[in-house]
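A short write-up of the structure that comes next.
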Amino acid sequence: MAVDTAHPAATTSHQHVRPVAPRRMPRLKTVFVAATAYVIALIFLFPYVVMLLTSLRAQDSLREVTFWPKEWVWSNLANFWTSGLAGNLWVTLKVAGGSTLLVLLVALPAAYYSARHHFRGRTAFLILVLITQMFQPTAMLVGIYREFYQFGLVDSVWSLILVNAGFNLAFAVWILNAYFASIPRELEEAAFIDGNGRFGALFRITLPLAMPGVITALIFTFIAAWNEFVVALTLTTTPENQPLTVALNSFIGQYQVDWQNLFAGSVIATVPVIILFALIERKVVGGLTAGSIK
């Protein structure tokens, strides 16, 4: 019996061809949710656009009703570095970075221990940590000033680092506690069998898996310390030791406001936070949803 082998490639190709599914149109609900999200995003971004455009206007065109500047004054952004505010930006970086580092050094062991050990008073400890989040720095401003004055830490970067770390510690402990609790204990037990101790399992297994939670605590602490104003205004007196949020207040005079330079400094102060958040946004979302799905 003869076998037709004249076109084996054609036969094979017909066997592997799959019909292409027609492209589905998005559902009305999906389109509505996406459109709503874009509208909300534009509403929140609009003030930043106005701030950027105002920072590029000339002094005599600030009262014009036109949305776009008739003349683009890029020197307003360059004046930031010649006005001495670069030193205040460096102070802000030290305060935000130091506060974030101190929070992580304290919150990591506290959250890990409370997540892995059900000790007596654990619930009361977590509730107490949460209660500290209710206190606002503004309500405790007089007591904070008197305490740092007695220790000789007024007008010091260290005072700002300690205050910002203290008021952001509770949030970091709760975020990290939820994330450590969502990591199975069996992974650490397997590391113990392989010869790792408690610290070895923590640094080789648990911390890499908990990195989204760590980054979430990091970014929220950093942004909170970066934007803090009231405590910094109270605890610092010399312009060299003031963070950028307080130094920008110098553009607001008794009779007039230097709007273009004020907004130019605000734009420069906003850019580092936007870049940092854009780089680690995915891990922040994962850290915020930690512990919500078991």
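Based on the alpha-carbon gyration tensor of the range 60-103 and its eigenvalue square roots a ≥ b ≥ c, which shape applies: rounded if a/c is under 1.5, prolate if not and a/b is larger than b/c, or oblate?
Judged from the Cα gyration tensor, the range 60-103 comes out prolate (a/c at least 1.5, a/b above b/c).
A Förster radius of 30 Å combined with the Cβ-Cβ distance from T138 to V49 puts the calculated FRET efficiency at roughly 0.50.
What shape does the range 68-162 have by the C-alpha gyration tensor, where a ≥ b ≥ c are the square roots of the eigenvalues, rounded means a/c under 1.5, and otherwise prolate means a/b greater than b/c and oblate the rest? Prolate. When a 1.4 Å probe is rolled over the protein heavy atoms, the share of accessible surface on the chain that falls to carbon and sulfur comes to 68 percent. Within the shell of other residues whose beta carbon sits under 14 angstrom from the beta carbon of I144, the net charge comes to -2, with Lys and Arg scored +1 and Asp and Glu -1. Between W90 and Q59, the simple spin-label model (points 7 angstrom out along Cα→Cβ) gives 2.9 nm. Estimated from helices alone, the mean residue ellipticity of the chain at 222 nm is -21000 deg cm²/dmol (sum of -39500 (n - 2.57) over DSSP H runs with n ≥ 4, per residue).
What is the dipole size for the range 100-259, taken about its Cα centre, with +1 at each Lys and Arg Cβ and -1 at each Asp and Glu Cβ, in debye to the nearest 20?
540
Dimensions of the range 179-246 along the principal axes, based on C-alpha atoms and rounded to the nearest Å, stand at 57, 19, 14, largest first.
Helices assigned as whole DSSP H runs in the chain whose Cα atoms extend at least 27 Å along their own long axis and whose mean Kyte-Doolittle hydropathy is 0.0 or higher are found at 28-55, 85-116, 157-182, 259-279. Within the listed set I223, I40, I274, the Gaussian network model of the chain (springs between alpha-carbon atoms below 10 Å) gives the highest mean-square fluctuation for I40.
Entry comment: accessible area of the chain is 66 Å² per residue, from protein heavy atoms only and a probe of 1.4 Å.
With 0.36 nm allotted per residue and the present C-alpha distance subtracted, the R27-Q256 stretch has 77.1 nm of extension available. I need the Debye-formula profile for the range 31-107: one equal scatterer per C-alpha, no solvent, reported as log10 I(q)/I(0) at q = 0.11, 0.22 1/Å, two decimals. Reported log10 I(q)/I(0), two decimals: -0.57, -0.96. Across every pair of non-identical alpha carbons in the chain, the mean reciprocal distance, once inverted, gives a Kirkwood radius of 23.7 Å. Per the Debye calculation on the range 108-191 with a single equal scatterer at every Cα and no solvent contribution, log₁₀ I(q)/I(0) for q = 0.11, 0.16, 0.23, 0.24 Å⁻¹ amounts to -0.43, -0.74, -1.07, -1.12.
If the chain linking I131 and I193 were pulled fully straight, counting 0.36 nm for each residue of separation and taking away their Cα-Cα distance, it would gain 18.4 nm. A crude spin-label estimate for the pair F67 and A124, with each label 7 Å from Cα along the Cβ direction, gives 6.0 nm.
A cut-off under 14 angstrom between Cβ atoms defines the neighbours of A110, and their net charge, with Lys, Arg +1 and Asp, Glu -1, is +2.
The values are calculated or read from the model by the stated rules, or taken from the named source; none is laboratory data. These numbers were taken from a predicted model, which means no experiment stands behind them. Virtual Cβ from ideal backbone geometry, glycine too; neighbours counted across all protein chains shown. These area figures cover heavy atoms from the full protein model, side chains too; ligands, DNA and RNA do not enter into them. Shrake-Rupley method; radii C 1.70, N 1.55, O 1.52, S 1.80 Å.
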